[in-house]
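First comes the structure, then the notes that go with it.
The values are calculated or read from the model by the stated rules, or taken from the named source; none is laboratory data. Since the model is a prediction, treat every value here as computed from it, not as a measurement. So basically every Cβ, Gly included, is an ideal-geometry build from the backbone, and we count neighbours across all protein chains shown.
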Amino acid sequence: MLLTCLQALSPWHWLGLGILLLILEVFDAGGYLLWLALVATGLAVLLQVLPELSWKLQLLLFVSLSMPLLLLWKHWRQYLLDR
């Protein structure tokens, strides 16, 4: 069941995830979900250009792009708060 859902990932799924994360960011206001939404939206655009990307590569890109952005945001936010 889960594998079938993962194999059917489309740009609309990533765009929907990006929008959902942006809505949740409004309530959280920590900035972390913003970067996840940016990566999800970027993947939606990338999947429009390269529709043959496998679901494994899509998830790998999501994780490998999200983690550095989240770490950079954590350090940048700490820098701004320490000023």
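Can you find, within region 49-83, the residue that is farthest from LEU3 (Cα to Cα) among those that are surrounded by 13 or more Cβ atoms within 10 Å (Cβ to Cβ) and of a type in the set (S, T, N, Q)? Going through the qualifying residues, I end up with SER66.
Here THR4, THR41 are screened, and the one residue that is in contact with a Leu (Cβ under 7 Å, 6 or more places away or on another chain) and among the β-branched types (Val, Ile, Thr) is THR41. Residues in region 1-12 that are surrounded by 14 or more Cβ atoms within 10 Å (Cβ to Cβ) and assigned to a loop (DSSP other than H, G, I, E, B): LEU9 alone. I'm checking my understanding of the structure. Among residues of region 13-29 that are in contact with a helix residue (DSSP H, G or I) (Cβ under 8 Å, 6 or more places away or on another chain) and either β-branched (Val, Ile, Thr) or in contact (Cβ under 8 Å) with a residue 40 or more places away in the chain (or both), which one is surrounded by the fewest Cβ atoms within 10 Å (Cβ to Cβ)? Here the answer is ILE19. For region 30-41, the criterion of a residue being at pLDDT 95 or above, in a helix (DSSP H, G or I) and surrounded by fewer than 15 Cβ atoms within 10 Å (Cβ to Cβ) is satisfied by no position. Among the residues of region 1-59, those identified as within 16 Å of TRP73 (Cβ to Cβ), over 12 Å from the mean Cα position of the chain (by Cα) and not small (Gly, Ala, Ser) are LEU24, GLU25, ASP28.
Among the candidates SER66, SER54, SER10, single out the residue that is hydroxyl-bearing (Ser, Thr, Tyr) and without any contact (Cβ under 8 Å) to a residue 12 or more places away in the chain. Break it down into steps so the answer makes sense when it comes.
Details: SER66 fails: without any contact (Cβ under 8 Å) to a residue 12 or more places away in the chain; SER10 fails: without any contact (Cβ under 8 Å) to a residue 12 or more places away in the chain.
Exactly one residue qualifies, and that residue is SER54.
Of all the numbered requirements in (1) modelled with pLDDT under 95; (2) assigned to a helix (DSSP H, G or I), PHE62 misses one, and that requirement is (1).
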